[in-house]
Amino acid sequence: MKGLLARWRAHREARAIERRAIPDELWALTLARLPFLGRRSDDDLQRLRELASLFLDQKEFSGANGLVIDDAMAVFIAAQACLPVLRLGLAPYRGFVGIVVHPDEVVARREVTDDDGVVHAYDEVLSGEAMEGGPVMLSWHDVHEAGTSAEWSYNVVIHEFAHVLDMGDGEADGVPPLPSAADRDAWTALIDADYERFCARVDAGEDTVLDPYGAEGVDEYFAVASEAFFVNPKAMRAEHPELYGMLARYFDQDPASHAG
């Protein structure tokens, strides 16, 4: 029975990949615009292309404020979204369908209640947001600049999809679902210690490879570390070798070995 189910799933995936096949010219354009992808092996790129086709088949894109999502934009996003799950597969992304793309940053009204029960309202400027159950929101302006912003370890797509992975166990705490309690304890110990050192450096005004926004919380730290891991891996490994190693084991990838 298991063998039959596996063959049925493989057949269904093959049909979806064929149905949503990415044209050669469009794939070549995507790789040219994202140098951190172009350095990958042929096998990695073939797998990424297949995952991107499956992603496009499973997800629904919509543009906000008059933005029209064309095929090039959708493939550009899909390729980046699938990079973190190159070895994991798309199962961690099953919990949502919608991807909403805004032309630029979005201002969101927030409210927080302090310890005295007083409600404080404020505006937050967002370039992206991932919510449990979806949708994932992205600023096209930030997505479009991904080839250039990689130089300073910034990638909004990978950042938000790292949050999706983090929330896979129902909580955004910088710890994605892991095989065992022992694995979770080891992950927490390492990322918490690395996070505290990072916050101290940010507070001291030091330049950091990782986006200082990561000091907002361990959940954001995991997301900004994931960005750097994929788009600026050698610099990230040099500054955070233990964290890099942990992410390499989790993602089952070693991007620094491909970087020029």
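The values are calculated or read from the model by the stated rules, or taken from the named source; none is laboratory data. This is a predicted model, so every value here is computed, not measured. Here the Cβ is made from the backbone with ideal geometry for all residues, glycine too, and neighbour counts use every protein chain on show.
Couple of notes before you dig in:
- Of the criteria (1) aliphatic (A, V, I, L, M); (2) surrounded by 17 or more Cβ atoms within 10 Å (Cβ to Cβ); (3) modelled with pLDDT of 95 or more; (4) part of a helix (DSSP H, G or I), which one A28 fails: (2)
- Tally of residues being of a type in the set (S, T, N, Q) and touching a His at 6+ places or on another chain (Cβ under 9 Å) across the range 51-88: 1
- Summed over the range 35-69, the residues that are part of a loop (DSSP other than H, G, I, E, B) and under 23 Å from S257 (Cα atoms) give a count of 3.
- From V175, V202, residue being of a type in the set (A, V, I, L, M) and either crowded, with 19+ Cβ neighbours inside 10 Å or touching a strand residue (DSSP E or B) at 6+ places or on another chain (Cβ under 8 Å) (or both): V175
- Pairs linking a residue in the range 228-249 that is within 21 Å of A189 (Cβ to Cβ) to a residue that is acidic (D, E), with Cβ atoms under 6 Å and 6 or more positions apart or on different chains, are L243/D194; A248/D254.
- Taken over the range 70-103, the criterion of being part of a loop (DSSP other than H, G, I, E, B) and under 24 Å from N232 (Cα atoms) is satisfied by L83, P84, V85, L86, R87, L88, G89, L90.
- Per the listing A225, A182, A235, A215, the residue uniquely modelled with pLDDT of 95 or more, of a type in the set (A, V, I, L, M, F, W, C) and exposed (fewer than 14 other Cβ atoms within 10 Å of the Cβ) is A182.
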